[in-house]
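So the structure is just underneath, and the comments pick up after that.
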Amino acid sequence: MLTRETIITRNEYLDEPIVPPRDASDAIAPVAGHGLFDNVLQQFNAAADLIRLDRNVRKILARTKNEIVVNFPVRMDNGDVEVFTGYRVQHNDTLGPFKGGLRFHPDVNLDEVRALAAWMTWKCALVGVPFGGAKGGIQIDPARYSIGERERITRRFAFALGDNIGPEYDIPAPDVNTNAQIMAWFMDTYLSTVPPHQRQNCIHVVTGKPIELGGSAGREKATGQGVAVAVQCWYEDHGLPLRDATFMVQGFGNVGSWAARQLAALGARLVAVEDVTGAVANPSGLDIDALLAYVRTHGGVARFPGGAFADHIMFMNTPADIFVPAAMENQITAETAPWLKARLVAEGANGPTDPAGDAILRARGIGVLPDILANAGGVIVSYFEWLQNKRRESWDLKEVDGQLRRKLIAAYEQVRAKATELKTDWRTAAYVVALSRLEKVYLERGIFP
Ligand code: NAD
């Protein structure tokens, strides 16, 4: 028999208790093997335990909704056919259509895409954009293929996904090794499969498109810009000047390079950068424009003449106030977390810190702006792009920048307030805000049938 005290979740609009109290067995056990999705579950369980998340909602959110795996053939330039494997994982669409990037990388696998899809669900819920979470990708090293081959691979992938994608159902965007051009090919292929009279109403099937095709002003820089806004808020909160603060960035692609530019515009100094080709450091500051030009012609930061060579260990040991990981997952671990000299980690990448690394950062008192908050600028402006397409509007950059800032700061303030209220770390607090929103909607809507 439930007493009032033991009821842990109530639907405000019903007088009846919804669920019996949870017990310890509600924690969703990670699967053996310690994959990336296990990291998500550990983060999820920490927050769900703290707020005693409804046990049934917990079961639902701990699993992905749909997992699509497609194998598709593509003709190569030499006439041979290669068969590629592509993924689209749709984690949850309770708050709106599935939304999430497409990644082209040799390490793409189902476990990774599951984790990235779940992080999208939490991120959209946290920042209050009406999307669910998804992610996709192809297991390839795109550098091995010509531009023509990349176009055919993208188009065949879009075709293979078919109706699993759609402007009101599941909306891809750029991620690692994909960009506005890939989105243009993806959109064009999708539009070729819908009746001609519907095509103009469907360009919001992808975001992160080139501006000429309906992309939004400010989308390309949005994720890095969001990182900088979050860092700026954190510095202000701590009464610290960002001017002359030093920072280091891992990954100098879309997110890393834009975060660097935006932080430099706020007066901070980039002292080390690492990408897939290597690392360079300069305690007096790296010239970001020169570095961008160098990367465009040399394909990476290695041997940039404006800095000194650094290997990975030297890079991770760089004395810098802020570390922006903006490359791949699991970079801050039990091994590397003790090396960091930073006072703040601002997670531009998704999942750059594993649970063991996270515990060390906490123990060392290093602040963490978690990925689902710090890199949410991208999906926020993707939402603006989607809205502009639906309304046939075109917002100017000032409007986009202002709205992005407003939404991100609102989410930041909620996370800060929740961390203070629950006396918990910021990652758990961000999850709490997101999960509470999802829980409320589930309890109001109910579970069919
Ligand atoms: P990108 O392809 O533009 O850049 C990736 C960068 O990471 C490149 O500089 C690459 O050289 C570097 N890199 C790859 N492997 C590395 C390694 N092992 N060590 C060091 N550097 C390495 O990708 P991106 O869009 O900038 O995405 C980076 C991260 O940000 C990913 O985790 C992605 O999921 C996340 N993210 C991206 C967006 C977006 O809008 N693009 C939005 C939110 C989150």
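The values are calculated or read from the model by the stated rules, or taken from the named source; none is laboratory data. Bear in mind that the values here come from a model prediction, so they are computed numbers and not experimental data. Note that each Cβ is placed from the backbone with ideal geometry, even for glycine, and that neighbours are counted across all protein chains shown. In case anyone asks, the SASA skips ligands and DNA or RNA and just uses the protein heavy atoms, side chains included. Shrake-Rupley method; radii C 1.70, N 1.55, O 1.52, S 1.80 Å.
Listed values, structure above:
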{"quantity": "The chain: Cα Rg divided by the 2.2 N^0.38 Å rule of thumb", "calculated": "0.97"}
{"quantity": "Local electrostatic count at I211 - Lys and Arg +1, Asp and Glu -1, tallied over other residues with Cβ under 11 Å", "calculated": "-1"}
{"quantity": "Spin-label pair T277/R199, simplified geometry with 7 Å Cα→Cβ offset, distance in nm", "calculated": "3.9"}
{"quantity": "Unsatisfied cross-links (Cα-Cα over 32 Å) in the set K65/K341; K135/K398; K65/K209; K398/K423; K65/K418", "calculated": "K65/K341; K398/K423"}
{"quantity": "14 Å beta-carbon shell around K221, net charge (K/R +1, D/E -1)", "calculated": "+1"}
{"quantity": "Mean separation of Cα contacts under 8 Å, 6 or more apart, over the residue count of the chain: relative contact order %", "calculated": "15"}
{"quantity": "Ratio Rg/Rh [Cα only; Rh per Kirkwood] for region 336-449", "calculated": "1.06"}
{"quantity": "Max mean-square fluctuation residue, GNM over the chain, Cα-Cα springs under 10 Å, options I182, I288, I203", "calculated": "I288"}
{"quantity": "Sparse-neighbourhood loop sites, trypsin sites (Lys or Arg not before Pro) in region 196-255 - DSSP loop, at most 13 other Cβ within 10 angstrom", "calculated": "R243"}
{"quantity": "Residue-level accessible surface for E329, protein heavy atoms, 1.4 Å, Å²", "calculated": "20"}
{"quantity": "Residue-averaged 222 nm ellipticity for the chain, from DSSP H runs of 4+ at -39500 (n - 2.57), nearest 500", "calculated": "-13500 deg cm²/dmol"}
{"quantity": "Computed label-point distance, nm, for sites E399 and S192 using a 7 Å Cα→Cβ extension", "calculated": "3.3"}
{"quantity": "Solvent-accessible ranking of I171, I447, largest area first, probe 1.4 Å", "calculated": "I447, I171"}
{"quantity": "Viscosity 0.890 mPa s, 25 °C: Kirkwood-radius Stokes-Einstein D of region 222-374 over Cα pairs, µm²/s", "calculated": "165"}
{"quantity": "Overall Cα dimensions of region 122-203 - principal axes, largest extent first, Å", "calculated": "39, 33, 19"}
{"quantity": "Region 133-154 residues near the modelled D80 label - backbone nitrogen below 19 Å, point 7 Å along Cα→Cβ", "calculated": "139-154"}
{"quantity": "Coordinate range along principal axes, alpha carbons of region 293-395, Å, largest first", "calculated": "50, 38, 20"}
